[in-house]
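First up is the structure itself, then whatever we jot down about it.
The values are calculated or read from the model by the stated rules, or taken from the named source; none is laboratory data. Predicted model, so just to flag it, every value in this text is computed and none were measured. Note that we place each Cβ from the backbone using ideal geometry, even for glycine, and neighbour counts take in every protein chain shown. Note: accessible area is taken over every heavy atom of the protein model, side chains too, but ligands, DNA and RNA are not part of it. Shrake-Rupley method; radii C 1.70, N 1.55, O 1.52, S 1.80 Å.
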There are 2 protein chains.
Amino acid sequence: MNKKKTSLKDIAQKAGVSTALVSYVLNGKEKESRVGEEIAARVRQIASELNYQPNYLAKSLRSGRTRTLGLIIADISNPFFANIARIVEDEAKKNDYTVIIGSSDEDADKSWDLINVLINRQVDGFIIVSSEHTEEQIQYLKNRNIAFVLLDRYFPDIDTDYVALDNYQAAYQAGLHLVEGGYRHVGFVAYRSQLFHMRERIRGYVDALRGSEAGFCPEWLTEVEFTNVDLEVRAGIDLMLAAEKPIDALIFATYRLAISGLKYINELGLNVPDDLAIVSFGQAEAFDLYYCPVTYLQQPMEALGKTSVDVLINKLKDSQQERKQILMEATLIARNSSKIKVLVD
Amino acid sequence: MNKKKTSLKDIAQKAGVSTALVSYVLNGKEKESRVGEEIAARVRQIASELNYQPNYLAKSLRSGRTRTLGLIIADISNPFFANIARIVEDEAKKNDYTVIIGSSDEDADKSWDLINVLINRQVDGFIIVSSEHTEEQIQYLKNRNIAFVLLDRYFPDIDTDYVALDNYQAAYQAGLHLVEGGYRHVGFVAYRSQLFHMRERIRGYVDALRGSEAGFCPEWLTEVEFTNVDLEVRAGIDLMLAAEKPIDALIFATYRLAISGLKYINELGLNVPDDLAIVSFGQAEAFDLYYCPVTYLQQPMEALGKTSVDVLINKLKDSQQERKQILMEATLIARNSSKIKVLVD
DNA sequence: GCTCTTTGCTTAAACGATTAAGCAATCTTT
DNA sequence: AAAGATTGCTTAATCGTTTAAGCAAAGAGC
């Protein structure tokens, strides 16, 4: 029943030496500090007897580094972020870092809160999936000289390190895939957001359609609020189906949107892909279970997560590191939901 | 460009007072410590000018409490745990606690590592979803007098606080539901594990069938390894379908198993529920997307997560708290995958 | 035998906060 | 006016570690 944690002092007392000596021994600095062999052995012996575990608080206070990273995401219960979080956790652990995760719910105020709490807890650096209207926060971190790297989303107008997807090419690829598969009226469901990654996805989609025979029609683009996904997705799909030129294919800009939309398409009794072809961003087990496996844009999750950690840790080691602005490509995994259309005419 | 963080000392210097005074003021102890009004105002003024943010490391080192909880789960990328994690995070934050999450991958060694890392980081207490063969770790925490509460899984032979599901009644309920729906040969896919919650699920299922006309047949029970889910689920389903009395309904003991199993059932071209009825533990968006909405056992996630945090925090406030051993009930959400069978004979 | 180096340890400051104890100066009381 | 109480602050110890600096004893060099 060890009531109290054992400290350096306890070991020092029991060994009849100073805490400095114990510290040297337990940190493997015996050589540099010329510690006697027998005494070193005895210290180690006593340390293990007392089951000594160093207090990281004290270490950190002294060293000024906590070996802790803050990870700010929208919502850990969203599978995309949960996956990212797991990869970040593992990569951090490999480098002896611990991660503290915070969910911002895409809310700028909550994001501020999280950043402040984590700064107070002295994290060494941040990995941030930015929410809308958080440019100010990013600027603040830059000014305060706090290390961070943006993940998945970045601000083109702020010079920062980032690791993200090439969203334009991903969306373009999705649009092209459908057009080449014989679909002419391709809809797109996105979030109503000024976040660059979302604008890029929309831009990629629009460009792909503009390059097609049928062109792009604004009626085919639906933008929904973060806070009211289910209702607005339904309304959007209704509109796109009732348009002058009704859509025969639909791209979802995120996994969440796809889940919501596919449920509704089920309810409507529409047949995928005959009535409506589907492509979605982000992989998900759910897509495998769908009666018609869903074509999706596979993001290099592992690479995104690992790279962001590595970029950050390198920056912590050497603050003079050059800017790292990394874009990765998505891979389109074609399945039945977007199979080549058999033309009737 | 504040290069350095501002500390109490900086404020004290600028105000021409001692750090003690500053500490009293900023902690609202002016009354008890009889601090002059103007000087208090000045200190506050300077603190906000310098954008003072207290160093939690120092606070914690002094107070012996970090206001940090460790949450140990199997895998944050599993939606069940991700959900739990989010709820725990929110409830903790309400009480001014921060959570550090660690994924053990159901591996006892990794679990030990996590516990040790978090102890070194001086977390105030743990919320633990135990992996198999971690009884020793739990006993260690008890002996060291470290606060913790078990979540979702517990060990009947170790006296601890816990918050979990009544797994026996949940599985029993699932079995009964299918039997009453006219299914006679009900299979069960579980993990091969000595973990009590899994044994209870199996026991509940077996008892439900034993109480039915057709009784229970060992061939209908498949247990698969954590590490080889996909292959063993397939093999198990093959066996249960080829049994002397082939199954006409199937219960999955977890969400992961269901995803794996449903994929295979799709591949086999079996029709749910006509060829095979389905009930699964755990809700998931994926179940909504399935062509035939899946009947599932809804766990009171919110209550589980919140209660575990509350139990732990109460224990931290008052270590003499009595044992809290809380079992919650699952709700069966009946959908088409288990609809009442139209008997042919 | 005297200085110089090396060996093997200790002392003490520092990280940033909290807080019990102490000490003048002023105010109250009788 | 003397004693006691109150006010408004400071001093210094403390939490557990690290690490530069110091110091005594032993060994080396001449």
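Separation of the stretch B:4-68 and the stretch B:292-345 by C-alpha centroid, Å?
The stretch B:4-68 and the stretch B:292-345 have Cα centres separated by 45 Å.
Run through the other copies and list how far each one's label point is from that of B:LYS317, in nm with one decimal, shortest first; the point sits 7 Å from Cα along Cα-Cβ.
Values, ascending and in nm: 4.7.
Could you check how many percent of all C-alpha pairs in the stretch A:100-141 are farther apart than 16 Å? Working shown, then result.
Working: 217 of 861 pairs.
Taking all Cα-Cα pairs of the stretch A:100-141, the fraction more than 16 Å apart is 25 percent.
Per-residue HN-Hα couplings for the stretch B:158-175, Karplus 6.51 cos²θ - 1.76 cosθ + 1.60 at θ = phi - 60°, whole Hz, x for Gly and Pro?
Values, residue by residue: 10, 7, 9, 6, 7, 9, 8, 8, 7, 5, 4, 5, 5, 5, 4, 4, 5, x Hz.
Tell me the Kirkwood hydrodynamic radius of the protein assembly as shown in angstroms, computed as one over the mean inverse distance between distinct C-alpha pairs.
Computed over the protein assembly as shown, the radius equals 28.2 Å.
Long-range amide H contacts for A:ARG335: which residues qualify at under 5 Å (H placed 1.01 Å from N, peptide plane, sequence gap of 5 or more or a different chain)?
Those qualifying (amide H under 5 Å, at least 5 residues apart or on another chain) are A:THR295, A:TYR296.
Averaged across the residues of A:67-80, what count of C-beta atoms belonging to other chains lies within 10 Å of each residue's C-beta? Can you show the working numbers first?
Numbers: counts 1, 2, 0, 0, 1, 0, 0, 0, 2, 12, 11, 3, 7, 1.
For peptide A:67-80, the averaged partner shielding equals 3.
Express the Stokes-Einstein translational diffusion coefficient of the stretch A:8-54 in µm² s⁻¹, to the nearest whole number, given a Kirkwood radius over alpha-carbon pairs, 37 °C and a viscosity of 0.692 mPa s.
Values: Rh = 10.2 Å.
Diffusion coefficient, whole number: 322 µm²/s.
I want the antiparallel fraction of DSSP beta bridges within the protein assembly as shown, as a percent rounded to 5.
Details: 6 of 76 bridges.
Counting DSSP beta bridges with both partners in the protein assembly as shown, the antiparallel share is about 10 percent.
Any idea which of A:ALA170, A:ALA208, A:ALA258 is furthest toward the positive side of the dipole for the stretch A:152-293, if Lys and Arg beta-carbons carry +1 and Asp and Glu beta-carbons -1?
So the residue we want is A:ALA208.
Which entries in the list A:LYS306/B:LYS59; A:LYS93/A:LYS306; A:LYS110/B:LYS315; A:LYS306/B:LYS93; A:LYS59/A:LYS317 go over 21 Å, if you measure between the two C-alpha atoms of each? Let's see the in-between values first.
On the way: A:LYS306/B:LYS59 33 Å; A:LYS93/A:LYS306 11 Å; A:LYS110/B:LYS315 28 Å; A:LYS306/B:LYS93 28 Å; A:LYS59/A:LYS317 18 Å.
The answer is A:LYS306/B:LYS59; A:LYS110/B:LYS315; A:LYS306/B:LYS93.
Return one whole number: the accessible area per residue of the protein assembly as shown in Å², for a 1.4 Å probe.
On the way: 30730 Å² over 690 residues.
About 45 Å² of surface per residue is accessible.
Need one number: buried accessible surface between chains A and B, 1.4 Å probe, both sides summed, DNA, RNA and ligands left out, in Å² to 100.
Details: alone 17920 and 17920 Å², together 30730 Å².
The summed interface area works out to 5100 Å².
Sort A:179-190, A:315-326, A:228-239 by packing, meaning the average of other beta carbons within 10 Å per residue, with the highest value first.
Values: A:179-190: 21.5, A:315-326: 12.1, A:228-239: 16.9.
The densest-packed peptide leads the list: A:179-190, A:228-239, A:315-326.
What order, most packed first, do the peptides B:295-301, A:116-122, A:66-72 have when packing is the mean number of other Cβ atoms within 10 Å of each residue? Walk me through the numbers on the way to the answer.
Numbers: B:295-301: 21.1, A:116-122: 18.6, A:66-72: 23.6.
Descending packing order for the listed peptides: A:66-72, B:295-301, A:116-122.
Sort shortest first the distances from A:ASP96 to its counterpart in every other copy, using label points 7 Å along the Cα-to-beta-carbon line, and give them in nm.
Going from nearest to farthest copy, the values are 3.3 nm.
Any residues in the stretch A:118-136 that have 10 Å² or more less accessible area with all protein chains than in their chain alone, probe 1.4 Å, and which are they?
The answer is A:ILE119, A:ASN120, A:ARG121, A:GLN122.
Would you mind computing the Rg to Rh ratio of the stretch B:228-295 from its alpha-carbon coordinates, Kirkwood style for Rh?
Working: Rg = 11.2 Å, Rh = 12.0 Å.
Result: Rg/Rh = 0.93.
Could you sort the peptides A:330-341, B:255-266 by per-residue average Cβ neighbour count (10 Å cutoff), highest mean leading?
Numbers: A:330-341: 17.1, B:255-266: 22.6.
Highest-to-lowest ranking by the protection proxy: B:255-266, A:330-341.
Can you give me the long-range amide H partners of A:GLY187? Hydrogens built in the peptide plane at 1.01 Å from N, cutoff under 5 Å, separation of 5 or more residues or another chain.
Distant-sequence amide H within range of A:GLY187: A:ASP248, A:ALA249, A:LEU250, A:ILE251.
Can you tell me the 0 to 90 degree angle between the C-alpha axis of helix B:255-268 and the longest principal axis of chain B, rounded to 10?
40 degrees
If you take the alpha carbon radius of gyration of the stretch A:27-163 and divide it by 2.2 N^0.38 Å, what ratio comes out, to two decimals? Spell out each step's value before the answer.
On the way: Rg = 19.5 Å, N = 137, 2.2 N^0.38 = 14.3 Å.
So the Cα radius of gyration is 1.37 times the expected 2.2 N^0.38 Å.
Per-residue HN-Hα couplings for the stretch B:330-339, Karplus 6.51 cos²θ - 1.76 cosθ + 1.60 at θ = phi - 60°, whole Hz, x for Gly and Pro?
In residue order, the calculated couplings are 8, 10, 7, 9, 7, 9, 5, 5, 9, 5 Hz.
Quick one: helix A:229-241 against the long Cα principal axis of chain A, what's the angle to the nearest 10°, folded into 0 to 90?
Between helix and principal axis, roughly 30 degrees.
Starting from one equal scatterer on each C-alpha and no solvent at all, send me the Debye-based log10 I(q)/I(0) for the stretch B:1-96 at q = 0.16, 0.18, 0.23 Å⁻¹, two decimals.
The computed values of log10 I(q)/I(0) come out as -0.78, -0.87, -1.14.
Please report, largest first and rounded to whole Å, the three semi-axes of the ellipsoid equivalent to the stretch A:157-236, where each semi-axis is the square root of five times an eigenvalue of the C-alpha gyration tensor. Let's see the in-between values first.
Values: eigenvalues 99, 71, 18 Å².
They are 22, 19, 9 Å, listed largest first.
Viscosity 0.692 mPa s, temperature 37 °C: what is the translational diffusion coefficient of chain A from Stokes-Einstein with a Kirkwood Rh over Cα pairs, rounded to a whole number of µm²/s? Walk me through the numbers on the way to the answer.
On the way: Rh = 23.0 Å.
D = 143 µm²/s.
Would you mind listing how long the stretch A:153-192 runs along its three principal axes, going by Cα atoms, in whole Å with the largest first?
Cα extents, longest axis first: 41, 20, 12 Å.
What is the magnitude of the charge dipole of the stretch A:8-54 about its Cα centre, with +1 placed on the Cβ of each Lys and Arg, -1 on the Cβ of each Asp and Glu, and no other charges, expressed in debye to the nearest 20? Could the numbers behind the result be given before it?
Numbers: 7 positive and 6 negative charges, 17 e Å.
Magnitude of the dipole: close to 80 debye.
Using helices alone, what [θ] at 222 nm do you get for the protein assembly as shown, with -39,500 (n - 2.57) per DSSP H run of 4 or more residues, divided over all residues and rounded to the nearest 500? Write down the numbers at each step before the final one.
On the way: 28 runs with 314 residues, N = 690.
It comes out at -14000 deg cm²/dmol, rounded to the nearest 500.
Give me the one-decimal Kirkwood hydrodynamic radius in Å for the stretch A:77-231, with the sum taken over alpha-carbon pairs.
Working: mean 1/r = 0.0572 Å⁻¹.
Its Kirkwood hydrodynamic radius stands at 17.5 Å.
Suppose every K and R has +1 on its Cβ and every D and E has -1 on its Cβ; what is the size of the dipole of the stretch A:1-143 about the Cα centre, in Debye to the nearest 20? Don't jump to the answer; show the numbers that get you there.
On the way: 20 positive and 20 negative charges, 264 e Å.
I would put it at about 1260 debye.
What net charge do the residues around B:GLU30 carry, taking every other residue with its C-beta under 13 Å from that of B:GLU30, with Lys and Arg at +1 and Asp and Glu at -1?
Numbers: positive: B:LYS29, B:LYS31, B:ARG34, B:ARG42, B:ARG44; negative: B:GLU32, B:GLU37, B:GLU38.
Result for the neighbourhood of B:GLU30: +2.
I'd like the mean, over residues of B:82-88, of how many other protein chain beta carbons sit within 10 Å of each residue's own Cβ. Can you show the working numbers first?
On the way: counts 10, 3, 2, 6, 9, 2, 1.
Across B:82-88, the average partner-chain Cβ count within 10 Å equals 5.
For chain A, what % of the accessible area comes from carbon and sulfur atoms, probe 1.4 Å? Let's see the in-between values first.
Details: 7380 of 15350 Å².
Accessible surface attributable to carbon and sulfur in chain A totals 48 percent.
So the label point sits 7 Å from Cα along the Cα-to-Cβ vector; using that for B:ALA334, what distances do you get to the other copies, in nanometres, sorted shortest first?
Output for B:ALA334: 4.6 nm, nearest copy listed first.
Charges only on Cβ, +1 for Lys and Arg, -1 for Asp and Glu: so what's the dipole of the protein assembly as shown about the Cα centre, in debye to the nearest 20? Provide the component values of the computation, followed by the final result.
Values: 80 positive and 96 negative charges, 765 e Å.
That gives the protein assembly as shown a dipole magnitude of about 3680 debye.
Would you compute the Debye intensity of the stretch B:197-345 from its alpha-carbon atoms alone, equal scatterers and no solvent, and pass along log10 I(q)/I(0) at q = 0.09, 0.13, 0.15 Å⁻¹ to two decimals?
Reported log10 I(q)/I(0), two decimals: -0.36, -0.68, -0.85.
Using modelled amide H (1.01 Å from N, peptide plane; none on Pro or chain starts), what sits under 5 Å from the amide H of B:THR98, excluding residues fewer than 5 places away?
B:THR68, B:LEU69
Residue by residue, what Karplus-based ³J(HN,Hα) values in Hz, rounded to whole numbers, does the stretch A:40-46 have, using 6.51, -1.76 and 1.60 with θ = phi - 60° and x for Gly and Pro?
So the Karplus estimates, Gly and Pro as x, are 4, 4, 5, 4, 4, 4, 5 Hz.
Let me have the relative contact order for chain B, percent, based on Cα pairs under 8 Å that are six or more residues apart.
16 percent
Hey, got the average number of other protein chain Cβ atoms within 10 angstrom for residues in A:282-290?
Numbers: counts 0, 0, 4, 12, 9, 2, 7, 15, 5.
Per-residue shielding by partner chains comes out at 6.
For labels at A:LYS142 and B:ALA334 in the simple 7 Å Cα→Cβ model, what's the distance in nm?
6.1 nm
Could you tell me how many degrees, from 0 to 90 and to the nearest 10, lie between the Cα long axis of helix B:196-210 and the main elongation axis, the longest principal axis, of the Cα atoms of chain B?
The answer is roughly 30 degrees.
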